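Here's the structure, in C-alpha cells; my notes come after.
The values are calculated or read from the model by the stated rules, or taken from the named source; none is laboratory data. As the structure is a prediction and not an experimental result, all values here were calculated from the model. Note: ideal-geometry Cβ built from the backbone for every residue, glycine included; neighbour counts use all protein chains shown. SASA here: full protein model, heavy atoms, side chains in, ligands and nucleic acids out. Shrake-Rupley method; radii C 1.70, N 1.55, O 1.52, S 1.80 Å.
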Amino acid sequence: MKYLSIITIVVALLTSSFIWAPANTDEPGIKFENLTFEEAIQKAKEENKLIFLDAYAVWCGPCKMMDRTTFKDEKVGEVFNENFINIKIDMEKGEGPNIAKKYQVRAYPTMMLINGEGKVEKRILGAVRNTQLLEEVKDFVK
C-alpha cells in the first residue's frame, strides 16, 4: 500500500509538469492575441494596422483544418504577425454572436481584415491553403 501511494504521487507530479509546462511560443504560424474585439479595434488604431479576424465555430471542420495547417504555416505567420492584429472569435459564444450579426457572418470559416474604425476591408470565405491566404491579403501588407 505504501508503494502504491508513492507511485501515485510520482505519477501525479510527472503528469502535472506536462500540464503546467508553458506553451511553446516558438511554434511557427499566426500568433492569435487574446483580445476582445473592442481591444483589438483600439490596438489597430494605436498601431495603424488592420485586424485579421478568424470568425469560427468549434464544430467547424474546415476551421479546425486551417488551425492545423494554414495558420501554422511559417510564411503565413511571418506575414500576419508583422502586419496585422490577429484574433480568433468563436461566433457562437461570448461576444461572438453580436459580432456575427454586425458583420453578417453566415458561414465558417469567415476571415476578415477590419480597420481601426470597424470597417471590413477584405472578407475571405471558406477554408484556404497557405498560398491562397497570402494571395488574398497581398494588397494589405507592407
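A few points about this structure:
- Sparsely packed chymotrypsin sites (Phe, Trp or Tyr not before Pro) within region 17-106, loop by DSSP, other Cβ within 10 Å at most 15: 20, 59
- Accessible area per residue in Å² at 1.4 Å probe, computed on region 24-80: 56
- Put simply, the amide H of residue 121, placed in the peptide plane, has neighbours under 5 Å in 113, 114, 115, leaving out anything fewer than 5 places away on its chain.
- Each residue of region 110-124 is assigned a 3J(HN,Hα), and the resulting list reads 10, 10, 9, 9, 10, 7, x, 9, x, 8, 6, 8, 7, 10, 10 Hz, derived from the Karplus form 6.51 cos²θ - 1.76 cosθ + 1.60 (θ = phi - 60°), x at Gly and Pro.
- Rg(Cα)/(2.2 N^0.38 Å) for region 73-136, N = residue count: 1.16
- Diffusion constant of region 27-84 at 4 °C, which comes from Stokes-Einstein with the Kirkwood Cα-pair radius and 1.567 mPa s, µm²/s: 105
- Restricting region 53-142 to GluC sites (Glu not before Pro) in coil, as DSSP defines it, with at most 11 other Cβ within 10 Å: 117
- For residue 102, a cut-off of 28 angstrom between C-alpha atoms picks up these lysines, skipping any fewer than 8 places away in its own chain: 31, 43, 45, 49, 64, 88, 93, 119, 122, 138.
- In order along region 82-94, the Karplus-derived 3J(HN,Hα) couplings, from 6.51 cos²θ - 1.76 cosθ + 1.60 at θ = phi - 60°, round to 7, 9, 10, 8, 9, 9, 10, 9, 6, 6, 10, 9, x Hz, and Gly and Pro are given as x.
- In order along region 103-108, the Karplus-derived 3J(HN,Hα) couplings, from 6.51 cos²θ - 1.76 cosθ + 1.60 at θ = phi - 60°, round to 9, 6, 7, 10, 9, 10 Hz, and Gly and Pro are given as x.
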